[in-house]
Amino acid sequence: MNGPDHAEEKSAQENLRAVRDHYAAFASSDIDALLEGLDHGVTIRIHDDHGIRIGTPRVGRSAAKDFFDAIQAAVDDPTVEIRDLRADGGRVLAKITLGGTLKESGRTGEIQAVHLITIADGLITEIRTHRPNWNDHEPDHE
């Protein structure tokens with residue numbers, strides 16, 4: 001079976017793999033590998049759990065590098081647990097749990113997040129994150 005349905009399924013599986021690779025690079029703090037999976041014009045948008053935008057969108061690989069470098073500088077032992085991952089065409093919905101230890105306070109915990117990820121030609125072009133505002137949230141302690 002090599003019709004359109006087969007091609008769509010293959011594309012969906014490739015997109016899921018790209019997202020899994022993204023999370024693996026994040027969890028291993030491999031910023032270079034993480035950036036390789038991003039389109040040069042990638043946009044990262046952060047929203048709280050009520051849909052209110054936090055900060056300004058980060059556009060481009062350089063801004064993405066700065067964003068992920070800042071996370072790496074603030075968090076030790078980052079973890080990503082994928083709770084649900086679904087692909088529909090060029091979009092992937094990921095429900096995840098992010099964990100780690102905040103370097104400044106030594107506080108360890110987890111926070112739930114939802115990522116809406118857009119992929120084109122095998123590269124992530126947009127990450128839209130919905131999660132509690134870190135400043136107003138007491139992470140779940142392990």
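Values in this text are rule-based calculations from the coordinates and carry no lab data. Here the structure is a predicted model, which is why all the values come from computation and not from measurement. Positions of Cβ are generated from backbone atoms using ideal geometry, with glycine treated the same way; all protein chains shown enter the neighbour counts.
Structural remarks
- Share of alpha-carbon pairs per 5 Å distance bin for the chain, given as whole %: 2, 10, 18, 23, 22, 13, 6, 3, 2, 1, 0, 0
- Antiparallel beta bridges, as assigned by DSSP with both residues in the chain, represent about 85 percent of the total such bridges.
- Using the Karplus relation 6.51 cos²θ - 1.76 cosθ + 1.60 with θ = phi - 60°, the per-residue 3J(HN,Hα) values for the range 93-103 come to 9, 10, 9, 9, 10, 9, x, x, 10, 5, 4 Hz, with x marking Gly and Pro.
- Here each label is just a point 7 Å from Cα along the line to Cβ, and for Ile52 and Asp121 those points are 3.9 nm apart.
- Long-range HN-HN contacts of Leu38 with modeled amide H, under 5 Å: Ile124
- Crossing angle, helix 4-27 versus the chain [Cα axis fit, 0-90 degrees, rounded to tens]: 20
- Working note: 222 nm ellipticity from helices only, DSSP H runs with n ≥ 4, each -39,500 (n - 2.57), summed and divided by the residues of the chain, gives -10000 deg cm²/dmol to the nearest 500.
- Rounded if a/c under 1.5, otherwise prolate or oblate - the range 21-89, Cα gyration tensor axes: rounded
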